[in-house]
Amino acid sequence: MILKLPYKTFPLRDGGFSTTVTLNVSIALPAKNAPRTKRFEAIIDSGASRCMFHASIGRFIGLEIERGEVEETAGIAGNTHTYLHDVILYIPGGQVVIRAAFSEELPTAGLLGMNGFFEHFKITFDPTEQRCELERLFQV
């Protein structure tokens, strides 16, 4: 099954435009019967090395954010400390356990990066159709 997601275009302050693609996901603690978040929009970000979520989402599922492994990052939130935790990411085709970063400074709910997301899909960004196509990969 191929999921087709439309590009979203937003005006920038300088007069240009920014184009993104988002996917509704949810996360939970990696424990049996752990409650998960409601679905929220996360940006599909080929420039992100791993998945990252706002710290408030992690606290909602019961994480003690600052107890995670500290990792320095440079990216959408500038140079900042993030905290790594194992979580379940609910994505099309099922759930996966990932090591995700959490940050107070992230200016969006979530980023879906190379580790934890891209490795589970064949992803095509198609500017002629103004969409992104996701095809789930299932590895044996």
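In the range 28-37, is there at least one residue being assigned to a loop (DSSP other than H, G, I, E, B), open to solvent by less than 100 Å² (accessible area, probe 1.4 Å), in contact with a helix residue (DSSP H, G or I) (Cβ under 8 Å, 6 or more places away or on another chain) and over 17 Å from Gly113 (Cβ atoms)?
yes
Among the residues that make up the range 95-102, is at least one of them of a type in the set (A, V, I, L, M), closer than 30 Å to Met1 by Cα and free of Cβ contacts under 8 Å to residues at least 12 places away in the same chain? Give the steps one after another, and end with the answer.
Taking the range 95-102 and keeping what is of a type in the set (A, V, I, L, M), we get 96-98, 100-101.
The next check asks that each one be closer than 30 Å to Met1 by Cα; those that pass are 96-98, 100-101.
Retained after the next criterion (residues that are free of Cβ contacts under 8 Å to residues at least 12 places away in the same chain): none.
No, the range 95-102 has no match at all.
Condition first: more than 16 Å from Val21 (Cβ to Cβ), out of contact with any Gly (no Cβ under 7 Å at 6 or more places or on another chain) and either touching a residue at least 60 places away in the same chain (Cβ under 8 Å) or surrounded by fewer than 19 Cβ atoms within 10 Å (Cβ to Cβ) (or both). Now tell me which residues in the range 40-60 satisfy that.
Result: Ser56, Arg59, Phe60.
Only one of (1) over 14 Å from Glu69 (Cβ atoms); (2) under 12 Å from the mean Cα position of the chain (by Cα) fails for Ala100. Which number is that?
Of the numbered conditions (1) over 14 Å from Glu69 (Cβ atoms); (2) under 12 Å from the mean Cα position of the chain (by Cα), the odd one out for Ala100 is (1).
Check off (1) part of a loop (DSSP other than H, G, I, E, B); (2) open to solvent by 40 Å² or more (accessible area, probe 1.4 Å); (3) closer than 13 Å to Leu84 by Cα for Leu63 and give me the number that stays unchecked.
(2)
Condition first: among the aromatic types (Phe, Trp, Tyr) and farther than 27 Å from Arg136 by Cα. Can you find one or more residues in the range 53-68 that meet it? Don't jump to the end; show me each part of the working.
So the first thing to find is which residues in the range 53-68 are among the aromatic types (Phe, Trp, Tyr), and the list is 53, 60.
The next check asks that each one be farther than 27 Å from Arg136 by Cα; those that pass are 60.
Within the range 53-68, one or more residues are among the aromatic types (Phe, Trp, Tyr) and farther than 27 Å from Arg136 by Cα.
Just the residues that are modelled with pLDDT of 95 or more, of a type in the set (A, V, I, L, M, F, W, C) and surrounded by fewer than 19 Cβ atoms within 10 Å (Cβ to Cβ), please, taken from the range 66-87.
Result: Val70, Leu84.
Among the candidates Leu29, Leu3, Leu23, Leu63, single out the residue that is of a type in the set (A, V, I, L, M, F, W, C), over 28 Å from Glu135 (Cβ atoms) and in contact (Cβ under 8 Å) with a residue 40 or more places away in the chain.
Leu29
Among the residues in the range 91-105, are any in contact with a Lys or Arg (Cβ under 8 Å, 6 or more places away or on another chain), of a type in the set (Asp, Glu), farther than 26 Å from Thr124 by Cα and open to solvent by 50 Å² or more (accessible area, probe 1.4 Å)?
no
The values are calculated or read from the model by the stated rules, or taken from the named source; none is laboratory data. The model shown is predicted, which means the values in this text are computed figures rather than measured ones. Please note: Cβ atoms are built from the backbone with ideal geometry, for glycine as well, and neighbour counts cover all protein chains shown. Only protein heavy atoms, including side chains, enter the accessible area calculation; ligands, DNA and RNA are left aside. Shrake-Rupley method; radii C 1.70, N 1.55, O 1.52, S 1.80 Å.
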